[in-house]
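Take a look at the structure set out below.
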């Protein structure tokens, strides 16, 4: 197909419409062939809109008046991935593309990375992928995008995820993590999209009295991040009561590590989050000489060596869990699954494994005081996911997961800016 029309970059909804139209034209290629080339005049775009679906003529009206599409019952073909320019979302989009599905990524790029989008664009077949830069706090914009699209399922990764930052900016977390999901679900409601995968967190459990955590463990979050995600879960459950066709899966997990084994994608955190860096990021930067040391916050926890215990799961294992859940949705139900390896590692265990994988020692600075809202021990029991969906982690060993992360950081020490 041809390049992008200049108007597409100025109007996300128009971009979505042209993408859908391109896909429909491609599927009808035996009858006729049309392409929208870069430089197409506005009048040509208007002609394309006139031959499109009726929903295009309703753009700009109040959302309740938009016509609702009748969805056919079939396996998902077109997946909307929110936050698809981020670490987990981009890996999910990659895997969905490899499975032959059509993928639209929605991201405002405030934390996501344009480099990840470029990778996905290179991998995708013509007409298989599109990226829309959009603000999910803007309900009207979401409705315009949904009105001209044909999404079968929404995979919602877009979120702010740092515990420390959530204490400093709690209202931002409630806005982005809780209010945004209300907007997404409202757009789904109006435009008859009834399948939803919500990427949640084990932070909703807080500081559990017993580990491993099961799906029935009480949810008592101890920081604004965990609370904002738990509130979002409640929104999903409440919405399901009002829409019997709605099916959803909520996936809760702890710490994510690893990267695409081919080094196409990996973690590339925003510079402004350096002060809140995750343990694996700090270890990588210390090994690369970007940080003088790795700080351990809290050495007096009631754990084996006094440091926090967490479960570390490879990003691709997590993505495969989301896809397994998508393929086993049950109409009228909200299913909940914990995702993890079932093993807990202390911070010192993690650092030792990292040093073994890299073959390099790093300087460690231990601080006795813990960070606010940092639970002592969190790791989950994934047996429900394994038994009901047949999911198993491919990277059950921490060192094997860390090896893919180290390969990524070696090949891309400056993130996506290192890539050709």
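Here, each number is a calculation from the coordinates, and none is a lab measurement. Owing to the predicted nature of the structure, the values given are computational and were not obtained by experimental measurement. Please note: Cβ atoms are built from the backbone with ideal geometry, for glycine as well, and neighbour counts cover all protein chains shown.
Between residue 367 and residue 400, full extension at 0.36 nm per residue minus the direct alpha carbon distance yields a gain of 9.0 nm.
Over the range 217-321, what portion of Cα pair distances is larger than 17 Å, expressed as a whole percent? Cα-Cα pairs in the range 217-321 separated by more than 17 Å: 71 percent.
Could the peptides 78-89, 182-193, 385-396 be put in order, highest first, of the mean number of other beta-carbon atoms found within 10 Å of their residues?
Details: 78-89: 25.7, 182-193: 20.5, 385-396: 16.0.
Per-residue Cβ counts within 10 Å, averaged per peptide and sorted highest first, yield 78-89, 182-193, 385-396.
Remark on the range 230-285: ratio of C-alpha radius of gyration to 2.2 N^0.38 Å is 1.71.
Cα gyration tensor of the range 353-410, axes a ≥ b ≥ c as square roots of the eigenvalues: rounded (a/c below 1.5), prolate (a/b > b/c) or oblate?
Details: a/c = 3.34, a/b = 1.27, b/c = 2.64.
Taking the square roots of the gyration eigenvalues as a ≥ b ≥ c, the range 353-410 is oblate.
Compute the Cα gyration tensor for the range 153-248, then decide on rounded, prolate or oblate, letting a ≥ b ≥ c be the square roots of its eigenvalues: rounded whenever a/c is under 1.5, prolate when a/b is larger than b/c in the other cases, and oblate in all that remain. Verdict is oblate for the range 153-248.
With the Cα gyration tensor of the range 105-199 giving a ≥ b ≥ c as the square roots of its eigenvalues, does the rule (a/c under 1.5 for rounded; else a/b larger than b/c for prolate; else oblate) give rounded, prolate or oblate? The shape class here is oblate.
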